[in-house]
Amino acid sequence: MKRYLSSLLALVLVIAIAISGCGTDTPAGMVGNYNQDTLTLLQNLRTAVDLPDDSPDKSAAQGIAKQSINDYAALYRRDDNLSRLSSFTTLRTALNSLAAHYTSYPNRPLPQKLKDRLAQEFAQAEAALKRGS
């Protein structure tokens, strides 16, 4: 009897793990739609970049930006169809620049030159996204 109960419990656990592992979870804030997720990411990043350096919300906005970058990269990095889109490659360049700054210089404000470049790349990525490329 004890042997059957332990076998049954093991079977139930295996099924529960299999079911929970087969979900199509997307990272928080991402819906799985490339266009919508890209526009949401751009909005989050613009908010983080455009906030004044002395703003009390700056660190929270940077934290949201970092998490958004990680979630976006995790969701779309391996999609070969997207890697050919100019919106994706331009945005990936901007994300790499911003993430590198946040990682290397977490307490320093963004240089104006980087802000200008990011604004330009965000605009290019958004225009390419609207064109469908």
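Data table
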quantity	calculated
Some residue of the stretch 12-19 being surrounded by 12 or more Cβ atoms within 10 Å (Cβ to Cβ) and at pLDDT below 90	no
Pair list, Cβ < 6 Å and 6+ apart or interchain, from the stretch 81-103 residues that are within 15 Å of residue 48 (Cβ to Cβ) to residues that are surrounded by 15 or more Cβ atoms within 10 Å (Cβ to Cβ)	91/125; 94/118; 94/121; 95/69; 99/69; 102/66
Residues located in the stretch 104-133, provided they are acidic (Asp, Glu) and more than 20 Å from residue 54 (Cα to Cα)	121, 126
Residue check, residue 83 more than 28 Å from residue 131 (Cα to Cα), modelled with pLDDT under 90 and loosely packed, with under 15 Cβ neighbours inside 10 Å	no
Residue within the stretch 27-36 that is exposed (fewer than 14 other Cβ atoms within 10 Å of the Cβ), under 23 Å from residue 111 (Cβ atoms), modelled with pLDDT of 90 or more and out of contact with any helix residue (DSSP H, G or I) (no Cβ under 6 Å at 6 or more places or on another chain) present	no
Count of the stretch 67-80 residues which are under 14 Å from the mean Cα position of the chain (by Cα), over 15 Å from residue 32 (Cβ atoms) and surrounded by fewer than 17 Cβ atoms within 10 Å (Cβ to Cβ)	2
Qualifying residue in the stretch 113-126 (condition: acidic (Asp, Glu), out of contact with any Lys or Arg (no Cβ under 6 Å at 6 or more places or on another chain), loosely packed, with under 14 Cβ neighbours inside 10 Å and farther than 18 Å from residue 37 by Cβ)	yes
Residue count, the stretch 107-133 (criterion: under 17 Å from residue 59 (Cα atoms) and touching a residue at least 12 places away in the same chain (Cβ under 8 Å))	3
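The values are calculated or read from the model by the stated rules, or taken from the named source; none is laboratory data. This one's a predicted model, so the numbers in the text were calculated from it and none came from an experiment. Don't worry about glycine lacking a Cβ; one is built from the backbone with ideal geometry, like all the others, and counts go over all protein chains shown.
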